[in-house]
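Bear in mind that the values in this text are calculations on the coordinates, not laboratory data. Just so we're clear, the structure is a prediction, and the values are computed from it rather than from any experiment. We place every Cβ from the backbone using ideal geometry, glycine too, and count neighbours over all the protein chains shown.
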Amino acid sequence: MGVKVLKFGGSSVADAIQLAKVKGIIDSDPARRYVVVSAPGKRFDGDSKITDLLYLCKTHVDHNVAYDQVFQAVCDRFRAVEAVLGVDIDLEKEFSEIEENLKNGASADYVASRGEYLTAMLVAAFLKWDFVDTAGLIRFDKNGRLDDNATDEALAAALAKSERAVLPGFYGSNPDGSIRTFSRGGSDITGSLVARAVGAEVYENWTDVSGFLMADPRIVDDPVPIEKISYMELRELSYMGASVLHEDAIYPARRGGIPINIRNTNEPDNPGTTILADVSAEERGGRVVTGIAGHKDFVVITLYKNRMNQERGFVRRLLTILEDYGLHVEHLPSGIDTISAVAVKKEIGEQMEEILDEIQRKLSPERVEVFEDMALIATVGRGMAKRLGVSARLFGALSEAGVNVRMIDQGSSEMNIIIGVKNADFEKAIRAIYGAFADMR
Ligand code: ASP
């Protein structure tokens, strides 16, 4: 029988009601043998995430401000869950140890990690499974980078001894044994690492949405769900994927050839979205476009210079300037004598004037145009490469909707067309593109 690894996010473990659903999901399939948990998230709008409260405790201590009220709030949430689930673990002992460490200057990573640690202990007791701590198993090197091979070996060896286990997400340890966390949302990465280490048939990532939809439901009415998507397509759609799944969570599963299935704890019968190495045309239901996603608030800086293509190092120098100002260049569409750099508006902040001076000084372009308030929209689908008429349909739909396209960038993978439109046209453009491709097979 294959093994399934499950990760439950913050909303899935937010309280005892959610944890009862988690147990139902786990009990319904004996292949579900390894479970990774986040720390309790928000139970309702305006509630706090345990991880945020823990960071707050640490900040209080660092500033010599009383932390006890916040710490009590954290403890009380765990106590409440323990009482309702009727499990018996010595939480009080854990709380005093954490508090002691907190007072004695424990690191922010350690303090934050205790949310996952306590949750995993509670869930393990609730399921009557082993608790396997990821400290010492998920290993970071001295530079703070994940030591992939050592982690894989350590997890595989530890889990070989456990038929069924619950593990805390989000953290591992440094070579000196101290705790180190991933970046926020990092329990997804833990789940992916565990899935690879045990050679899982699937990595189920349980959250509060039923996977990905072809477009944002806040913009498009009732968009079709995406049942299967390739890792590459998801990367191209990173504008929409990032909030559901930590982007670094893809790599371990991908390397192990393990599909990732995004599922909804509140709707367990929904098959969700499965992310695979490759998705055949049939698996895609013959659909040409898999998803449409975008973001507002980019800035496009376009340089015009005669015979730019002959000038060696021009692009490099442009990129160096942008790098020096701390910008990420999202796209770099170019023509013979023009090049545009697309950057995130927030990162530019107040630096625009200075950046333009620098560009003028170092590159002497004939003309520079800045277009602020640009939205980028990616239309992505593996099926697009071999199909005639995709661009015609895309641009036809946009012109019919009266949307002016300011920029076009077709990735060399041929499964992605990115367009730039005014922020104000963003929603209209997404609806037009969705309308054009929802039924195209
Ligand atoms: N609890 C951590 C956070 O809030 C990690 C996670 O949930 O994945 O970021």
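The GNM of the chain, with springs linking C-alpha atoms under 10 angstrom apart, assigns the highest mean-square fluctuation among 411, 291, 169 to 411. Using only side-chain charges placed at the Cβ, +1 for Lys and Arg and -1 for Asp and Glu, the dipole size of the chain relative to its Cα centre rounds to 1120 debye. If R0 is 60 Å, the Cβ-Cβ spacing of residue 64 and residue 156 corresponds to a FRET efficiency of close to 0.85. The long axis of helix 50-62 is offset from the longest Cα principal axis of the chain by roughly 80 degrees. Against the chain, whose longest principal axis is taken from its Cα atoms, helix 426-437 shows a tilt of about 90°. The lysines whose alpha-carbon is closer than 22 Å to the alpha-carbon of residue 386, local same-chain residues fewer than 8 away aside, are 228.
Here the Kirkwood formula puts the hydrodynamic radius of the stretch 201-249 at 11.8 Å, using every distinct Cα pair. In this rough spin-label picture, where each label sits 7 Å from Cα along the Cβ direction, the residue 323-residue 439 distance is 4.9 nm.
Ranked by how many other Cβ atoms sit within 10 Å of their own Cβ, fewest first, the residues 171, 203, 55 fall in the order 55, 171, 203.
Projection of the Cα convex hull of the chain, averaged over all directions and equal to a quarter of that hull's surface, yields 24.2 nm². The magnitude of the dipole of the stretch 196-338, with charges of +1 and -1 set on the Cβ of Lys/Arg and Asp/Glu and taken from the Cα centre, is near 740 debye.
Compared with the dominant principal axis of the Cα atoms in the chain, helix 352-363 is inclined by about 60°. In terms of overall dimensions, the stretch 1-54 has a Cα radius of gyration and Dmax of 12.7, 43 angstrom. Take the convex hull of the alpha carbons in the stretch 255-408; its mean projected area over all directions comes to 13.9 nm². Would you list, by chain and number, the lysines whose Cα falls below 23 Å from the Cα of residue 49, excluding same-chain residues fewer than 8 positions away? Cross-link targets: 7, 21, 23, 58, 93, 103. Identify, among 219, 209, 238, the residue whose Cα sits farthest towards the positive end of the charge dipole of the stretch 204-246, taking +1 on the Cβ of Lys and Arg and -1 on the Cβ of Asp and Glu, with the dipole about the Cα centre. Most positive-ward Cα: 238. Bridgeable aspartates and glutamates around residue 346 (alpha carbons under 20 Å apart, same-chain partners fewer than 8 residues away excluded): 297, 323, 324, 330, 354, 357, 358, 369, 372, 373, 425. Here the ratio of the Cα radius of gyration of the stretch 76-157 to 2.2 N^0.38 Å is 1.27. The Rg/Rh ratio of the stretch 1-147, with both radii computed over alpha carbons and Rh defined as the Kirkwood radius, is 0.98.
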